[in-house]
Amino acid sequence: MPKKEIEIAEIGPVLLAKRTGMRNIRISVLANGTIRVNLPRWTSFRTAERFAVKHSDWIMRQKSKVKSVVIKPGDRIGRLAKVKFEQREAGRTVIKVEANQIIVTSVLAWNSRELQKKLQLAAEASLKMQAPDILPNRVDRLSKITNLKFNKLRIRKMTSRWGSCSASGNISLSLFLVQLPDELMDYVILHELAHTKHMSHNPNFWQLMESLEPNTQAFRKQLRRIGPALRPISNY
């Protein structure tokens, strides 16, 4: 469905998305701070923008509740990467990023703002390393099981949605998907594969999804609550 990203003063970037089956405009602030405005197909983007501006106070209150990501020593990033921190007395910060570990050597405190910015970039880099070893195999397997064929798969940093499927059957998946449990990861993949048969979220699409995954409604609610974002798994 048509989408448009705009910039609203004092609010920031806002994603406008027309959705089939919607009767009213709905605003949501995802766990990563992304502001999304869903609107009926017949509603103009300009109307949705005015609606967002009108509710800017509410949006800012919701954004203030979004917790900043803090990466701690011992945290796990994605499926594999363990964060290791070594304090040093002098010298520059060195961060070694691998698929199975992130090694940080720095004079900075691990919770300092400067180091946290570097750690978040390192964590995303690690997810980019992990994703090609995880997602393509799962997509291929589910495609064969369901007999839903796709054209190409692309993995990239997506923060407003978990995945997408083009009319030509090209599937894009968020690299943050590798942080999810298997059942949620597979649900997102099935959702995009289902779009190769039904592009819109019409009754036929949801009927197909229910046949592929009986827990469709429960998984939808879970994914709406969390949103695609960096989520370190803490051992504390």
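None of the figures in this text is laboratory data; all of them are computed from the coordinates on show. The shown structure was predicted, so the numbers you read here are calculated from the model rather than taken from an experiment. Every residue, glycine as well, gets a Cβ built from its backbone with ideal geometry; the counts of neighbours run over all protein chains shown.
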Sequence-separation-based contact order of the stretch 169-236, relative, with Cα cut under 8 Å and 6+ spacing, percent: 36 percent
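From the square roots a ≥ b ≥ c of the eigenvalues of the alpha-carbon gyration tensor of the stretch 76-226, which class results: rounded (a/c under 1.5), prolate (a/b over b/c), or oblate? If you can, show how the numbers build up before the last one.
On the way: a/c = 3.01, a/b = 2.57, b/c = 1.17.
Prolate is the answer for the stretch 76-226, as a/c is 1.5 or above and a/b outweighs b/c.
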For the stretch 76-226, share of DSSP beta bridges that run antiparallel, in % to the nearest 5: 45 percent
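Do any trypsin sites (Lys or Arg not before Pro) in the stretch 48-144 lie in a loop, going by DSSP, with at most 11 other beta-carbon atoms within 10 Å of their beta carbon, and if so which? Don't jump to the answer; show the numbers that get you there.
On the way: sites: 50, 54, 61, 63, 65, 67, 76, 79, 82, 84, 88, 92, 96, 113, 117, 118, 128, 138, 141, 144; in loops: 65, 67, 79, 88, 92.
Sparse-neighbourhood loop trypsin sites (Lys or Arg not before Pro): 65, 67, 92.
Rounded to the nearest 20 Debye, what is the dipole magnitude of the chain about its Cα centre when Lys and Arg each give +1 and Asp and Glu each give -1 at the C-beta?
Values: 42 positive and 19 negative charges, 108 e Å.
The calculated dipole for the chain is roughly 520 debye.
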Shape category assigned to the stretch 3-64 from the gyration tensor of Cα positions, a/c cut at 1.5: prolate
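Under the definition of Cα pairs under 8 Å and six or more residues apart, what whole-number percent is the relative contact order of the stretch 76-226?
Across the stretch 76-226, relative contact order equals 17 percent.
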Relative contact order computed over the stretch 3-64 (Cα-Cα under 8 Å; 6+ residues apart), in percent: 30 percent
For the chain, with +1 on Lys and Arg beta carbons and -1 on Asp and Glu, the positive-most of 125, 35, 6 along the dipole: 6
Dipole of the chain, positive end: most advanced residue of 55, 169, 234 [Cβ charges, Cα centre]: 55
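Under a Cβ-Cβ cut-off of 12 Å, what is the net charge of the residues other than residue 107 that fall near it, where Lys and Arg count +1 and Asp and Glu count -1?
Numbers: positive: 88, 92; negative: 86, 89, 114.
Summing Lys and Arg as +1 and Asp and Glu as -1 gives -1.
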